[in-house]
Structures are given as C-alpha cells and as structure tokens.
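Peer 1: Just dropping this structure here.
The values are calculated or read from the model by the stated rules, or taken from the named source; none is laboratory data. Please read these numbers as outputs of a predicted model, since none were measured by experiment. When we count neighbours, we look across all protein chains shown, and the Cβ atoms used for this are built from the backbone with ideal geometry, even at glycine. Side chains included, ligands, DNA and RNA excluded: accessible areas come from the protein's heavy atoms. Shrake-Rupley method; radii C 1.70, N 1.55, O 1.52, S 1.80 Å.
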Amino acid sequence: MYIDDPMRFRKAALAGALEHMCQSLELTATQLDEAKTHYDAVAEWLAAAADPALRSLSIYLQGSTALGTTVKPLGGNEHDVDLVAHMARVEHRGPAEIKRVIGDRLKEHARYGAMLVEKQRCWRLPYANRFHLDITPSVLNPACRQGGELVPDKRLRCWKESNPKGYKALFGRRAAIVPTMRLAKSAFDSTTARADVEPYPDTPRFKGLLRRIVQIAKRHRDVHFAERYPERAPISVLITTLASQSYERCATQMVFDSELDLLLTVIRHMPDFIERRIEGGHLRWFVWNETTHGENFAERWNDDPQLANAFFLWHGKLVSDLETLERVEGLDRLGKSLQDSFGGAPATRAIDAITQEVSAARTRNRLYVAPRVGLVAAAGAAAIAGAAPVRGNTFFGAEPA
C-alpha cells in the first residue's frame, strides 16, 4: 500500500534543512567556552568585594544563552551574554546606589575599569568585537509572589519589575511540551505490506521545537532589519515570549501533520498574544512577562508607534517566506529562498545537508523521484504513490552497467 500524502516527505526534508540551518546559527564551542571563562572571572571578582551587599551576591545567566536560543549575529556584531547580579541583602539601598555599587567594584579592576560602559539598566563589558557581558544588578521584589526581582532603571531613576529565573523556568516547561502529530498511514499497517517498504519516519527533525522556532524567527528578524531601520527590530525577549505562548497553545490544543506545519502555525499565531488597549484616546500595546507583575516587553512601542508597525510588517514577511519554502521547487531555488530569508552561510549549510542526504541515498540505490515532491531520500520513499527509483551514477554522471 502507498502513502497518499507525499508532501509530508517534502515537509520532513525542509524541517531537516531548517534544523541544519539552526545548528549553524548557534555559537561555537570556542565562543561558548570563551564567554564562560570571562563570566566566571567577573563573577569571582564581584563576589570577592568588601561591600556586604556584594558578599551576598548571586550571579546567574539570563536571556538567550540561559534559554538555549542564541543566534550568531550578522557580520561582525558582538553576541551578548546577559548576567544578573542579584543582591540578597541591600539594607534599603535605592536603585541608583545598587547600580553604583556594581559599577564601582568593576572599576576597581584594571581591565574592567578601562572597558566598562554604563547602559540604562546594566553595566557592559565589551570584548573586542567578539562578545559583550551585560551585568544587570537586581534585588528581591517583595511584591512578587513568584520570586521576582527588581532592576534599576537609570533613565526613570526607579526600580523595574523582572523575573529571569521564573521566565527561564516557564520557558523550559513550555519547551518540554510534546505536540501531537498525526500518524502516517504506515506501510506496515496491513499484513499484506511489502517487506521492502520501511515505515514513515516519525523521528523529530527539530532538536527542541520551541527553541528552534525562536531561533528561526530571530535570525529572520536580523536579516530583515539589517538594511532597513535596525533600531526598529523587535527585541528578542518579545519574540521569545510570543513564540512560547503560541507554542503552548498550539502544541496542547492542535494536531499536526508535520513539524513544518507546527512551525508555521506557531509563528502565524504569535500576534494573538499581543494585548491592545485604548487609553486616553491612544492605542497602547502590551506583551506581559507572565512571571511577574508590571513588566511589559512592548513598553517601547507605546513611546514609538513605528516599532509596532515594524513588528507587524516583519511578522507578515516571516510567515510569507516560510510559506514560500513549502512551494519552492529545486535546490537552487530553495537555496535562494533560504539565503534571502536567513543569510548566505545558514542557507549553504541547509542545502549542503540536503545534497549529502540525496548523494548518500543515490549511492545506496534508495533515491526516488515522486510526483509533486521531486527527489526523495527519506525512509519509506518507495511507498509514495507514483515514486520511481533514480538509478545510481558515477562521479562523472555515467550510469553503471
């Protein structure tokens, strides 16, 4: 018997290509080791301070490094590593003083003092076009029942709500959700099935679906805004929050034919979780941090409406580009589409992976061509209606005798 939906093989191949692309976007082991070395050194220096507030210091990662959603920056831009320097005992010190304590300690170090840059809510240590450490001071937020924290805001001279640990825990719980996939009509669902037909592959192509969805969205954002108002690009935590909320709803309430269908559905529904209000005759936007009260990741949209417009234009382009991937035919066109959406190097990695799979299948005489699909090198390809084997060839293109 035959599998009556050959496009599922095509989608599986595309999911595999996107997985290889995501692997190429992750930081290398060398980059991670270097960042960890500096992270440990800074943590040790801060914790060894004489100030009692720093002796009770707890330092940990937040952001994409902590969540596992890092994406290599375009060009020569530095990747960022975000640290929280949490003070358990602050003796009623205000936000400006708490931030100053961290800064003063860093200035006592010859190297750190020379490179230190003050940002609105953190101190930055840039490491020569490789990466930078952002160190955000925090204290306990007694009003948050979820263990939230408060971070200083230089511009507003006040505390702002945050909860990095709670956010990471919630993201991890959502990432652990396994979506429901429809079972393919297997070649083994009948006693008369041919013995040479392998079952439809049900091994997940993506390694961590939610994390890959976030990486794909972030990389597309980087490419999209690289030459058009980069200052309007949506911040990573906003994208991550919307993707994780959409993923939870889609993965728990829907059934999918493929991981590519899941990816598209999750991204399509991201805007569903943006709250809109009319206040004082003005449209205001909210993307809440669910793990604490009062942190709005779309806060800047309410000061600059162009940021909201830029988000929706980008989001529409992201959906359109992913839908195009489903329809494009031929490796050349697929490579061009991937390059336009995600950049040259990741596209090359994805196409190389497909090419290697096709070459290996040809060598094993397990390469087929199927109507509406094209070349198929997946297990079970022989079960596609109308699939015909592709004869092997030598390096020079001649068919074997």
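Peer 1: Looking for whichever is modelled with pLDDT of 95 or more and either surrounded by fewer than 21 Cβ atoms within 10 Å (Cβ to Cβ) or outside any loop (DSSP other than H, G, I, E, B) (or both) here; the options are V223, V178. Which one fits?
Peer 2: Exactly one of V223, V178 is modelled with pLDDT of 95 or more and either surrounded by fewer than 21 Cβ atoms within 10 Å (Cβ to Cβ) or outside any loop (DSSP other than H, G, I, E, B) (or both), namely V223.
Peer 1: Tell me whether segment 275-297 contains one or more residues that are closer than 20 Å to R221 by Cα and loosely packed, with under 14 Cβ neighbours inside 10 Å.
Peer 2: no
Peer 1: When you look at A347, is it within 19 Å of the chain's Cα centre (by Cα) and under 16 Å from A13 (Cβ atoms), yes or no?
Peer 2: Against the criterion (within 19 Å of the chain's Cα centre (by Cα) and under 16 Å from A13 (Cβ atoms)), A347 qualifies.
Peer 1: Also, quick follow-up: Does A114 satisfy the criteria of being outside any loop (DSSP other than H, G, I, E, B), of a type in the set (A, V, I, L, M, F, W, C) and either modelled with pLDDT of 95 or more or open to solvent by 30 Å² or more (accessible area, probe 1.4 Å) (or both)?
Peer 2: Spelling it out, A114 is indeed outside any loop (DSSP other than H, G, I, E, B), of a type in the set (A, V, I, L, M, F, W, C) and either modelled with pLDDT of 95 or more or open to solvent by 30 Å² or more (accessible area, probe 1.4 Å) (or both).
Peer 1: What are the pairs with Cβ atoms under 6 angstrom where one residue, in segment 292-320, is under 17 Å from P230 (Cα atoms) and the other, located anywhere, is small (G, A, S)? Sequence gap at least six, or different chains.
Peer 2: Hits for this filter: W301/A308.
Peer 1: Evaluate segment 53-64: report whether one residue or more is polar (S, T, N, Q), within 28 Å of N289 (Cα to Cα) and either in a loop (DSSP other than H, G, I, E, B) or in contact with a Phe, Trp or Tyr (Cβ under 8 Å, 6 or more places away or on another chain) (or both).
Peer 2: Taking every residue of segment 53-64 in turn, at least one turns out to be polar (S, T, N, Q), within 28 Å of N289 (Cα to Cα) and either in a loop (DSSP other than H, G, I, E, B) or in contact with a Phe, Trp or Tyr (Cβ under 8 Å, 6 or more places away or on another chain) (or both).
Peer 1: Next up: Just wondering, is there one or more residues in segment 51-59 that are in contact (Cβ under 8 Å) with a residue 60 or more places away in the chain and open to solvent by 60 Å² or more (accessible area, probe 1.4 Å)?
Peer 2: No: segment 51-59 contains no residue that is in contact (Cβ under 8 Å) with a residue 60 or more places away in the chain and open to solvent by 60 Å² or more (accessible area, probe 1.4 Å).
Peer 1: Separate question: Would you confirm whether any residue within segment 89-107 is hydrophobic (A, V, I, L, M, F, W, C), touching a residue at least 24 places away in the same chain (Cβ under 8 Å), under 28 Å from I239 (Cβ atoms) and not in a helix (DSSP H, G or I)?
Peer 2: There is no residue in segment 89-107 that is hydrophobic (A, V, I, L, M, F, W, C), touching a residue at least 24 places away in the same chain (Cβ under 8 Å), under 28 Å from I239 (Cβ atoms) and not in a helix (DSSP H, G or I).
Peer 1: Considering only segment 244-292, state which residues are of a type in the set (D, E) and at pLDDT below 95. Spell out the reasoning first.
Peer 2: Narrowing segment 244-292 to residues of a type in the set (D, E): 248, 257, 259, 261, 272, 275, 279, 290.
Across segment 244-292, the qualifying residues are D257, E259, D261, E279.
Peer 1: Scan segment 267-303 residue by residue and report those that are more than 25 Å from the chain's Cα centre (by Cα) and part of a loop (DSSP other than H, G, I, E, B).
Peer 2: Result: G280, G281, D303.
Peer 1: May I ask you to say which residue of R228, R249 is without any contact (Cβ under 8 Å) to a residue 24 or more places away in the chain and within 18 Å of I177 (Cα to Cα)?
Peer 2: From the options R228, R249, the qualifying one is R249.
Peer 1: Can you pull out every residue in segment 30-46 that is among the hydrophobic types (A, V, I, L, M, F, W, C) and within 25 Å of R221 (Cβ to Cβ)?
Peer 2: Once the filter is applied, which keeps residues that are among the hydrophobic types (A, V, I, L, M, F, W, C) and within 25 Å of R221 (Cβ to Cβ), segment 30-46 yields L32, A35.
Peer 1: Of everything in segment 67-106 that's on the phi > 0 side of the Ramachandran plot and out of contact with any helix residue (DSSP H, G or I) (no Cβ under 6 Å at 6 or more places or on another chain), which residue is least open to solvent (accessible area, probe 1.4 Å)?
Peer 2: So, considering only residues that are on the phi > 0 side of the Ramachandran plot and out of contact with any helix residue (DSSP H, G or I) (no Cβ under 6 Å at 6 or more places or on another chain), the one least open to solvent (accessible area, probe 1.4 Å) is G75.
Peer 1: Criterion first (at positive phi, open to solvent by 20 Å² or more (accessible area, probe 1.4 Å) and either at pLDDT 85 or above or not small (G, A, S) (or both)) does G63 satisfy it? Before you say what the answer is, go through the steps one by one.
Peer 2: On the way: at positive phi: yes; open to solvent by 20 Å² or more (accessible area, probe 1.4 Å): yes; either at pLDDT 85 or above or not small (G, A, S) (or both): yes.
Considered against the rule, which asks whether it is at positive phi, open to solvent by 20 Å² or more (accessible area, probe 1.4 Å) and either at pLDDT 85 or above or not small (G, A, S) (or both), G63 comes out as yes.
Peer 1: Hey, could you check segment 150-175 for residues that are in contact with a strand residue (DSSP E or B) (Cβ under 8 Å, 6 or more places away or on another chain) and part of a loop (DSSP other than H, G, I, E, B) and say which is surrounded by the fewest Cβ atoms within 10 Å (Cβ to Cβ)?
Peer 2: It comes out as K154.
Peer 1: What number of residues within segment 234-258 are surrounded by 20 or more Cβ atoms within 10 Å (Cβ to Cβ) and not in a helix (DSSP H, G or I)?
Peer 2: The qualifying residues number 2.
Peer 1: Can you tell me how many residues within segment 65-82 are farther than 12 Å from F131 by Cβ and not in a loop (DSSP other than H, G, I, E, B)?
Peer 2: Number of matching residues: 2.
Peer 1: Go through segment 322-338 and count every residue that is in contact (Cβ under 8 Å) with a residue 24 or more places away in the chain and either open to solvent by less than 20 Å² (accessible area, probe 1.4 Å) or of a type outside the set (D, E) (or both). Give the derivation first.
Peer 2: First, pick out the residues of segment 322-338 that are in contact (Cβ under 8 Å) with a residue 24 or more places away in the chain: 322-323, 325-326, 329-331, 334, 338.
Those still in the list that are either open to solvent by less than 20 Å² (accessible area, probe 1.4 Å) or of a type outside the set (D, E) (or both) too: 322, 325, 330-331, 334, 338.
Selection size over segment 322-338: 6.
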